[in-house]
Amino acid sequence: MTIRDRVLIAGAGPVGMVAAASLVRHGVPVTVLEANASLSEESRASTFHPPTLDMLDALGAAEPLIAQGLVAPQFQYRSRERVIAQFDFKGIADATAHPFRLQCEQSRLTRILLERLLPAGNFEIVFSSPVHDVTQTADDVAVSVLRDGRIETETARFLIGADGARSETRNALDIAFEGFTWPERFLVISTPFDFHSVIDDLVCVNYVADPQRWHFLLQIPGVWRVMFPIAAEESDARAVSPEFAQALMAEVVPGIDRYEIAHTTLYRVHQRVATTFRERRAFLIGDAAHINNPLGGMGMNGGIHDAINLTERLAAVWHGSQGEAELDRFDKQRRLVTKEYVEKQSIQNKKNLEAPGTEFRDRLTAIAADAAKTREYLLAVSMIASLKRAQELG
Ligand SMILES: Cc1cc2nc3c(=O)[nH]c(=O)nc-3n(C[C@H](O)[C@H](O)[C@H](O)COP(=O)(O)OP(=O)(O)OC[C@H]3O[C@@H](n4cnc5c(N)ncnc54)[C@H](O)[C@@H]3O)c2cc1C
């Protein structure tokens, strides 16, 4: 068996494709192995944060993505009755070239990246190739791939596991995925209904705090996504029924009780972090390394930040300007930031929305009334603070 001089990436989701684009940009040959026969069209993450857009800009992907999305400079926290606080990313325009959230489906990004990568001589993608097992020596990684009912072996210098929450790469490397699963599930309802026409001061990104039934209202091109928690005692069958969705939606705007519903997705929500993001020549990034609830939109964004952090170090090692010890910094920085920031913040975001008292509302009002506190808050929610913290870890 000869070692093919390349990096293998398992998974062509947004995180794997960003890793591929970044490596190719740095002159490192890449093969992406994707389990499915084509890129996913699933409706999932839809928010790109400012520093993520800065990173995508370096890959030539920010401009075409912005052209396909909605620019959201503001976001709101609301109660059922009123706006509690509104924030505007222009307050951190000195810290990012993109002082806004971009509302756009993650499936748009993977397509933009693939189109840009296909002409590159050092890029290859192989569909219908689920990674099945991983073995390593001191110099290479061998990956078993199940193709047409047969196991084939692919070899490379390094392997990046970007194969999602159920990562076979993580399992093959025997890395534990520690954490917990929330008792409630989340239901996402998509509707073409125009909420701007009935709620005057609404923006594209709105979180509604309520101890009984918090929800969020997020606009993406052509549709709104409304997400609700679903109590553990509701059956899956009832939760996905049209009547149940209509009853939930009727709580959003008083007096409107029938909506056109384009799509519903019920999903279980976990908070888990892999016990290591590096096992010798193999790495975990994105959902393969960590998963969290979607409040704050940090799952995919954090995964893209992993991809950039890792691939810049891998490129330096590949070209000989750094030794392999450099790769430990990826695990140190990204795992700590995931635990300290993404996990804690996404759990806190959920607790804030469901809290019964006024403490969260009072805190938000105080932040919005103070320019210095607003800036600090915006740096945190945009994830710029987490990237700075990662750098400080050295
Ligand atoms: C319903 C839903 C809604 C969500 N909403 C949000 C949101 O609003 N905001 C947010 O930030 N996040 C959200 N998330 C999470 C977000 O979608 C993920 O964080 C993001 O998709 C992670 O990207 P990824 O590339 O790491 O993994 P994935 O997108 O899961 O991509 C993994 C890829 O690997 C492939 N694959 C799987 N197994 C193998 C294998 N063995 N070999 C090769 N390839 C394999 C898969 O086919 C897939 O293409 C949501 C998730 C769900 C399920």
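Here are a few things to note about the model shown:
- Counted as qualifying within segment 1-116 are the strands (runs of 3 or more DSSP E) with 1 or more residues that are near the ligand (Cβ under 10 Å from one of its atoms) and either among the aliphatic types (A, V, I, L, M) or farther than 18 Å from residue 381 by Cβ (or both), namely 7-10, 30-33.
- The set of residues in segment 287-345 that are part of a helix (DSSP H, G or I), of a type outside the set (Val, Ile, Thr) and within 10 Å of the ligand (Cβ to nearest atom) comprises 287, 288, 299, 300, 301, 302, 303, 306, 307.
- Among the residues of segment 1-60, those identified as among the hydrophobic types (A, V, I, L, M, F, W, C), farther than 21 Å from residue 108 by Cβ and either surrounded by fewer than 21 Cβ atoms within 10 Å (Cβ to Cβ) or at pLDDT below 95 (or both) are 1, 3.
- Residue that is nearest to residue 89 (Cα to Cα), among those in segment 353-371 that are within 28 Å of the chain's Cα centre (by Cα) and among the aliphatic types (A, V, I, L, M): 368
- Selection count where residues are of a type in the set (D, E, K, R) and touching a residue at least 60 places away in the same chain (Cβ under 8 Å), scope segment 89-122: 4
- Restricting attention to segment 134-166, the residues that are closer than 24 Å to residue 316 by Cβ, more than 11 Å from the ligand (Cβ to nearest atom) and not in a strand (DSSP E or B) total 5.
Conditions tested, residue by residue: (1) over 23 Å from residue 131 (Cα atoms); (2) out of contact with any Cys (no Cβ under 9 Å at 6 or more places or on another chain); (3) hydrophobic (A, V, I, L, M, F, W, C).
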| site | (1), (2), (3) |
| --- | --- |
| 255 | yes, yes, no |
| 271 | yes, yes, no |
| 276 | no, yes, no |
| 294 | yes, yes, no |
| 299 | no, yes, no |
| 306 | no, yes, no |
| 313 | yes, yes, no |
| 316 | yes, yes, yes |
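- Residue within segment 267-289 that is touching a helix residue (DSSP H, G or I) at 6+ places or on another chain (Cβ under 7 Å) and farther than 18 Å from residue 166 by Cα present: no
- Counting residues in segment 267-278 that are crowded, with 22+ Cβ neighbours inside 10 Å and either among the polar types (S, T, N, Q) or within 16 Å of the ligand (Cβ to nearest atom) (or both) gives one or more.
- Candidate set: segment 169-180, residues that are of a type outside the set (Gly, Ala, Ser) and exposed (fewer than 12 other Cβ atoms within 10 Å of the Cβ); chosen: the one farthest from the chain's Cα centre (by Cα): 174
The values are calculated or read from the model by the stated rules, or taken from the named source; none is laboratory data. It should be emphasised that the depicted structure is a prediction, and the values quoted were computed from it without experimental measurement. Cβ coordinates were reconstructed from backbone atoms using ideal geometry, including for glycine residues, and neighbour counts include every protein chain displayed.
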